[in-house]
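Scroll down for the structure; my scribbles are underneath it.
The values are calculated or read from the model by the stated rules, or taken from the named source; none is laboratory data. The model shown is predicted, which means the values in this text are computed figures rather than measured ones. Counting neighbours? That spans all protein chains shown, and the Cβs are built from the backbone with ideal geometry, glycine included.
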């Protein structure tokens, strides 16, 4: 494993949730596999994109461009094999897992692993942090605020995910899997309560607090040694606001960091479920709740998830046994005829061409309202696409009603601005079933899908999880009742009022195939848009340094002495971070002197550090590195080291450099 971790600490156990088994023949009613019958492996890799002048994915604000790193974004992979079949599960700390990335990862896996990992058994998903690099989609809607397709970001994400899967593959060993559960009620709030309240009592009664408090943990062990965990919990990755410019994995990233710091080579993955209407901003305002400091909120909400996950992990008594299985197909979600048994009125209905509603443009007031581009300011990528004033096709307004259409994404030319042929996947690991969908599902939307799948499979509802943000991205899915409210989530439900019933129907079809042991037709092939989009974000022409200075020179030295709890700061002459993303490496180090040598104690994937980049001239720039001295930092001598790269304007060569501060003492 590439990242060293300290030993996992013990925590108080929590009693597992209890659920009643549903009727029918259980798809998991096979003899439990003996200990060691599974092969399990885990891997971790860096997917951080350009740390400067790259638009962030999530808030759709062109002015929110990266300007440094607080927490690097990582991909965590787990592989489970039962001798007959295997699955690869990856959670990446990204705003979304786009179909372009899904396609790119599968192409690379085919090159390195042949037919071992395919679209059928690979499940890719995102944590939905709003502070990661964007521009890795092949669809215009998700590249507009990024000013086009960013190849550096795309390559970092694809390469990092493939590396994580390959490391998990190389790590495969006989192991065991255990399931644990807990409740967490102070890390989320319903940001669309008025829409939630329109649902029938049978749905609302399942969530008496109007949140989904369920924490589900899959505990991985090899040879009796705990090596990793996947934790599922529903809350948005929006603790960091749209004012932030530092790359961050947000609250789920902090939860993973907090756990991994306590165990050697332990991989802690924090995945989403049905978090479409779940906000971490407990005061229902951006950057507010439980405090008014976005960094502190990120830490607190992340720490609460970590502690709940650890309780579930320690209480994981249910050992998984039975087969590993999978079903996957592509569905054109704009053309689904939905049977009446899945619709509220019992009548047949259809989905329709994708469109967004007017209230979607305003954004979510609770997590970060959108800011329309002012008159006179133009987006060159939007102009290249022909503008956003395409006429609404005849009949689409009626099909999307009661949504007032703002932009008909699916009718834009020359290509739709969002995918309509989408991957739907059902994964089984013993008793546990993951319903992998390419959208943000509200808690009631996820509940209805899980109920339909559990009923078809004949398994307990608690053993079916909605895995959102999976394998592609197509915005939101609300219930028909929530859709009628046309809140932000309903306006962002692309394929009309019957989008959710269509998902219920299609996932039930996958469940029926899994239960009967039959294959499913692959469905239509999604389009491949490689080479069809362009980039209007300027690149690096050359780097320069101030007169009399060299790259890596320290402009501002740390003080001679600090105490625990204080912040150390240093400023360096630097080059543009796009010259080398240093993926798998670092721009910043804090080193401590030990036995006459220097040992790294923190870098730019640590919570205590911040690496900030800023232009100081047309081609000159500075790097500011800060370190918040931890309360448990050993007394001694320390220094800050900056690694960077500069571009030669004459020949275009990229040259690495390192700068080092004077030493300082922690007392």
When you look at residue 506, is it closer than 23 Å to residue 247 by Cα and in contact (Cβ under 8 Å) with a residue 24 or more places away in the chain, yes or no?
no
Tell me the residue from 536, 551 that is at negative phi, modelled with pLDDT under 95 and in contact with a strand residue (DSSP E or B) (Cβ under 7 Å, 6 or more places away or on another chain), please.
536
Quick one: which residue in 542, 536 is more than 17 Å from residue 641 (Cα to Cα), under 26 Å from the mean Cα position of the chain (by Cα) and touching a residue at least 12 places away in the same chain (Cβ under 8 Å)?
536
Selection status of residue 480, touching a residue at least 12 places away in the same chain (Cβ under 8 Å), closer than 30 Å to residue 426 by Cβ and within 29 Å of the chain's Cα centre (by Cα)
yes
Give the range 431-460 a look and list any residue that's in contact with a helix residue (DSSP H, G or I) (Cβ under 9 Å, 6 or more places away or on another chain), farther than 28 Å from residue 357 by Cα and not in a helix (DSSP H, G or I), or say none.
431, 432, 433, 458, 459, 460
Going through the range 211-223 in order, the residues found to be outside any strand (DSSP E or B) and either crowded, with 23+ Cβ neighbours inside 10 Å or in contact (Cβ under 8 Å) with a residue 40 or more places away in the chain (or both) are 211, 212, 223
Qualifying positions in the range 413-430 - part of a loop (DSSP other than H, G, I, E, B) and either surrounded by 24 or more Cβ atoms within 10 Å (Cβ to Cβ) or in contact with a helix residue (DSSP H, G or I) (Cβ under 7 Å, 6 or more places away or on another chain) (or both):
416, 417, 418, 419, 420, 430
Can you tell me which residues in the range 312-339 are within 22 Å of residue 424 (Cβ to Cβ) and assigned to a strand (DSSP E or B)?
324, 325, 326, 327, 328, 329, 330, 331, 332, 337, 338
Here the residues within the range 179-196 that are in contact with a strand residue (DSSP E or B) (Cβ under 9 Å, 6 or more places away or on another chain) and surrounded by fewer than 19 Cβ atoms within 10 Å (Cβ to Cβ) are 183
Taking the range 368-397 as the region of interest, how many residues are under 20 Å from residue 537 (Cβ atoms), touching a strand residue (DSSP E or B) at 6+ places or on another chain (Cβ under 7 Å) and at pLDDT 75 or above?
1
Pairs only if they're at least six apart or on different chains, beta carbon under 7 angstrom, first in the range 604-617 and in the same structural domain as residue 303 (by TED's automatic domain parsing), second part of a loop (DSSP other than H, G, I, E, B) and surrounded by fewer than 20 Cβ atoms within 10 Å (Cβ to Cβ); list them, first residue then second.
none
Could you please find all residues in the range 255-280 being closer than 23 Å to residue 439 by Cβ, out of contact with any strand residue (DSSP E or B) (no Cβ under 6 Å at 6 or more places or on another chain) and in a loop (DSSP other than H, G, I, E, B)?
272, 275, 280
Quick one: count up the residues across the range 225-241 that are surrounded by fewer than 24 Cβ atoms within 10 Å (Cβ to Cβ) and assigned to a loop (DSSP other than H, G, I, E, B).
1
